[in-house]
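Participant: My questions will all concern the structure given below.
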Amino acid sequence: MYQFTTTNVINSAYALDYNGNILVDGTGSQIAKFAGSTTALNVAKVGTFKKDNIVSVTKRAYAAGVKEEAQVTVSAGTNGDVYRLTVVLKQEQNTNSEYVNYTLDFQKPITVEVLYATSATATAAALVTEINKLKNRFGHSYVLASSTGAVITLTAKEDSQRFKSVSVDSVDADVNSISQYKLTNKGTGAVTTPGELGFGDDAWMIKSIMIPTTENTRYFGISRDERPISGGNYSEYALRYSVTKDGTDGIVAGGTSVTTHVFYVKSDLVTAFETALNSDAGLNLDAAGKYTEIS
C-alpha cells in the first residue's frame, strides 16, 4: 500500500480538463501544469512533492531509433552458377507474428536465388532486385536492399529488426548425393550500423505507456489530457519520494512510504520542466545531488 508507482504524461504547460480545455483558478488565471519553488515541485492533478522528501529524480531523454544496416560482398563465380542470398532477421523486444517459429527467438530467414551472369556486380544487382520483391502477407517488404559494385547493403525497415546472419552462397551439386546440394560460401555479411530501439518515440509510448485500445481512445474515455501525442518525443523523469509517518499511534506509526512517480514530458516542455527541477528559483535538485541523467 505504501510502495507504489504512478505514471503520468505531460502534454501541456497548463493543466487541462478531460476535454483538453485549460483549467483556471478562482481569479480566472490559467493553472500551470507544473511549477517548482525552492521547497517543492507541484504537478497539477498529480500532487505536491516537497524537496526534503525527494530522494532522487532520474532522467532518461528521448532517443530516436536507429535502423540496423549490414553489408555483404559477392565473390566472382562462373556463368550459370546458382547464387543464393540468405538473410536471417530477428526481433529485439518485439513479437511480430511474421517472425514466429519453433524456437524461442522471433526470427525469420528470407532467401532469394539468381543465376550468376557476367560479373559479381551484375549478380549483386540481380540479388538486390529479387530480395526487394519479397513481401510479407500485408504487402510490405522485409528489408531495403541496394548495391554498389559487388557490395550489397541491407537496411532494416524497423528499429526492432536485427540481422542475425547474412550470407551469399553458390548452390553446387554434391557428388556424394543424388538428391542433395552443397553450399559454397561466396560472401559473409557483417553489421555495419548496429540498430537501436527508440525511447519515448511513438512506438515506445504505444507499447509501454498507452495501448490504443477502444477504451483508451474513445471520445468520452478517461485521461484524455494524458494520451500520448503522435510525434511528441517524450523524455522520462522518475521521481523517488520518501515520507515517514510522524507520531507513535496507529498501525503504521513510524512507517516509511517510498513511492515512485514517473513523468513522461513532451519534448517542447522538457526545458521548462527541468528549469522547475534544477534552477536556483526552483528545487535545484542537481546542486543537491538528487538529479541524474542516464542514456
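Every number here is computed from the coordinates shown, using simple stated rules; none is lab data. Every value quoted in this text rests on a predicted model; they were computed, and no experiment measured them. Glycine gets a Cβ as well: all are built from the backbone with ideal geometry, and neighbour counts include every protein chain shown.
Participant: Take E98, E226 and order them by how many other Cβ atoms sit within 10 Å, fewest up front.
Facilitator: E98, E226
Participant: Now for a different question. Enumerate by residue number the chymotrypsin sites (Phe, Trp or Tyr not before Pro) in the range 47-151 meeting two conditions: DSSP loop (anything except H, G, I, E, B), and at most 12 other Cβ atoms within 10 Å of the site's Cβ.
Facilitator: Y102, F138
Participant: May I ask you to list the aspartates and glutamates whose Cα is less than 19 Å away from that of K133, ignoring any residue fewer than eight positions away on the same chain?
Facilitator: Qualifying aspartates and glutamates at Cα under 19 Å: E69, E98, E113, E158.
Participant: With the crude spin-label approximation of a point 7 Å out along Cα→Cβ, what separation in nm comes out for S97 versus D172?
Facilitator: 4.3 nm
Participant: So I have (1) 22; (2) 46; (3) 26, and one of them is percent of Cα pairs over 34 Å apart calculated from this model. Which one is it?
Facilitator: Given (1) 22; (2) 46; (3) 26, the calculated one carries the label (2).
Participant: Tabulate in residue order the Karplus-calculated ³J(HN,Hα) for the range 285-295, using 6.51 cos²θ - 1.76 cosθ + 1.60 with θ = phi - 60°, rounded to whole Hz; enter x for Gly and Pro.
Facilitator: Listing the rounded values in order: 5, 4, 5, 7, x, 10, 10, 9, 10, 10, 9 Hz.
Participant: Let me ask another. In the range 1-90, which trypsin sites (Lys or Arg not before Pro) are in a loop and have at most 15 other Cβ atoms within 10 Å, using DSSP for the loop call?
Facilitator: For trypsin sites (Lys or Arg not before Pro) across the range 1-90 that sit outside H, G, I, E and B with at most 15 neighbouring Cβ atoms in 10 Å, the list reads K45.
Participant: In whole Hz and in residue order, list the ³J(HN,Hα) couplings for the range 219-224 that follow from phi through the Karplus curve 6.51 cos²θ - 1.76 cosθ + 1.60, θ = phi - 60°; x for Gly and Pro.
Facilitator: For the range 219-224, the Karplus curve yields 4, 9, x, 7, 6, 4 Hz.
Participant: What is the set of long-range amide H partners of F49 at a cut-off below 5 Å, with H atoms built 1.01 Å from backbone N?
Facilitator: Under 5 Å from the amide H of F49 lie the amide H atoms of L41, N42, V43, each far enough along the sequence or on another chain.
Participant: Using a cut-off of 14 Å between beta-carbons, work out the net charge of the residues near D225 (Lys and Arg +1, Asp and Glu -1, D225 not included).
Facilitator: Result for the local shell: +3.
Participant: Per 0.36 nm of contour for each residue apart, how much would the distance between S146 and Q107 grow if the chain were fully extended, relative to their Cα-Cα spacing?
Facilitator: Between S146 and Q107, full extension yields 11.8 nm more.
Participant: Same structure, new question: What is the sum of charges, Lys and Arg at +1 and Asp and Glu at -1, for the other residues whose Cβ falls under 11 Å from the Cβ of R84?
Facilitator: So the surrounding residues net to -4.
Participant: For a quick check: with amide H placed at 1.01 Å from N, whose amide H comes under 5 Å from K108's, ignoring anything fewer than 5 positions away on the same chain?
Facilitator: L89, K90
Participant: Right, next: For the range 155-242, just say rounded, prolate or oblate: build the C-alpha gyration tensor, square-root its eigenvalues into a ≥ b ≥ c, call rounded for a/c under 1.5, and beyond that prolate if a/b exceeds b/c, oblate if not.
Facilitator: Here the range 155-242 falls in the prolate category.
Participant: State, to one decimal in nm, how far the label point of F220 lies from the label point of D268, with both points 7 Å from Cα in the Cβ direction.
Facilitator: 3.1 nm
Participant: Once label points are set 7 Å from the Cα along Cα→Cβ at both D202 and R240, what is their separation, rounded to one decimal in nm?
Facilitator: 3.6 nm
Participant: Let me ask something else. Working out 0.36 nm times the residue gap between V66 and T39, then minus their Cα-Cα distance, what length gain in nm do you get to one decimal?
Facilitator: Residue separation times 0.36 nm, minus the Cα-Cα distance, leaves 5.7 nm.
Participant: Using θ = phi - 60° and the Karplus relation 6.51 cos²θ - 1.76 cosθ + 1.60, list the HN-Hα couplings for the range 138-144 in order, rounded to whole Hz, with x at every Gly or Pro.
Facilitator: In residue order, the calculated couplings are 9, x, 9, 6, 7, 9, 10 Hz.
Participant: So who's got an amide H within less than 5 Å of the one on N284, skipping anything under 5 residues away but keeping other chains? H placed 1.01 Å off N, in plane.
Facilitator: Long-range HN contacts for N284: N278, S279.
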